[in-house]
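Right, one structure below, let's go through it.
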Amino acid sequence: MDIVIRRAVEADLEAVGAVTLEAFVGDGHSPADGPYAAKLADARPRFEQAELLVAVDPGSGQLLGCVTFAVGGTGFADIAAPHEGEIRMLAVGGAARGRGAGEALVRASMARSRELGLTAMAFSTRPSMTSAHRLYERLGFRRAPERDWEVRPGVLLLVYVIDL
């Protein structure tokens with residue numbers, strides 16, 4: 001299946017919110033009634049304050065997945081240093097899984113980091129997101145347990161890094 005990766009446009013925001021909620025809440029990684037669910041559903045802040053990339057089926061125009069890309073030290077970067085790019089909220093809709101959309105979005109983020117002259121990437125992931133971990137490791141990311149952190153007490157986030 002061909003996949004087009006592009007910057008999101010305003011018309012994508014509702015679908016971005018829906019696919020992000022599906023991936024995080026629907027897959028049990030975040031509670032539907034928790035404060036993070038509202039952030040997942042509202043794509044506008046990441047569209048306006050970071051780079052929101054989408055994976056689209058070129059034939060149907062269907063949005064398959066999305067990722068938020070931020071440079072370290074900016075508002076949407078949780079843990080990346082200024083020389084690092086960071087991805088947040090990588091999400092692929094259930095019907096599109098296994099088609100390479102997630103990998104294409106991560107590769108596009110790596111390419112964007114290089115375009116900006118960044119020398120590394122660092123980002124957080126939930127321990128339960130094992131499919132994503134396999135993708136990151138296949139692409140050359142490695143665990144950086146010394147950078148793991150808790151977003152709030154009892155909610156551990158694992159950190160992955162790569163030198164570019």
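The values are calculated or read from the model by the stated rules, or taken from the named source; none is laboratory data. Keep in mind that what you see is a predicted model, and the values were worked out from it rather than measured. Note: ideal-geometry Cβ built from the backbone for every residue, glycine included; neighbour counts use all protein chains shown. Protein only, heavy atoms only, side chains kept; ligands, DNA and RNA dropped before computing areas. Shrake-Rupley method; radii C 1.70, N 1.55, O 1.52, S 1.80 Å.
Round to the nearest 0.05 the FRET efficiency obtained for Ala81 and Asp57 when R0 = 41 Å and r is the Cβ-Cβ distance.
The calculated FRET efficiency here is 0.70.
Between rounded, prolate and oblate, where does the stretch 92-164 land on the alpha carbon gyration tensor, with a ≥ b ≥ c its root eigenvalues, rounded for a/c under 1.5, else prolate if a/b exceeds b/c?
In terms of gyration-tensor shape, oblate.
What dipole magnitude, in Debye to the nearest 20, does the chain give about its Cα centre under +1 on Lys/Arg Cβ and -1 on Asp/Glu Cβ?
Dipole of the chain, to the nearest 20 debye: 320 debye.
If you build a Gaussian network model of the chain, linking Cα atoms that sit under 10 Å apart, which residue out of Asp12, Asp33, Asp57 swings the most?
Comparing Asp12, Asp33, Asp57 in a Gaussian network model of the chain, the most mobile one is Asp33.
Which residue fluctuates most in the GNM of the chain (Cα springs below 10 Å): Pro127, Pro58, Pro153?
Pro153
Per DSSP H run of n ≥ 4, the term is -39500 (n - 2.57); total these for the chain, divide by its residue number, and report the mean residue ellipticity at 222 nm rounded to 500 deg cm²/dmol.
-8000 deg cm²/dmol
Could you tell me the center-to-center distance, by alpha carbons, between the stretch 108-164 and the stretch 31-79 in angstrom?
Distance between centres, Cα-based: 16 Å.
I want the local charge near Phe47. Using Cβ-Cβ distances under 14 Å, sum +1 for each Lys or Arg and -1 for each Asp or Glu among the other residues.
Surrounding charge for Phe47 is 0.
Return one whole number: the accessible area per residue of the stretch 65-119 in Å², for a 1.4 Å probe.
Per-residue accessible area for the stretch 65-119 comes out at 38 Å².
I want the local charge near Ala18. Using Cβ-Cβ distances under 12 Å, sum +1 for each Lys or Arg and -1 for each Asp or Glu among the other residues.
Cβ neighbours under 12 Å give a net charge of -4.
For a Förster distance of 22 Å, can you work out the FRET efficiency between the beta-carbons of Leu116 and Gln49, rounded to the nearest 0.05?
In this case the efficiency is close to 0.85.
How many percent of the accessible area of the stretch 74-145 is carbon or sulfur, using a 1.4 Å probe?
That fraction is 51 percent.
State whether the chain is rounded, prolate or oblate according to the following rule on the C-alpha gyration tensor (a ≥ b ≥ c being the square roots of its eigenvalues): a/c under 1.5 gives rounded; otherwise a/b larger than b/c gives prolate, and the remaining case gives oblate.
Cα axes put the chain in the rounded bin.
Using +1 on the beta carbon of Lys and Arg, -1 on that of Asp and Glu, and nothing else charged, what's the dipole of the stretch 45-99 about the Cα centre, debye to 20?
240
If Lys and Arg each add +1 and Asp and Glu each add -1, what is the summed charge of the other residues whose beta carbon sits under 9 Å from the beta carbon of Arg88?
Every neighbour counted, the sum reads -1.
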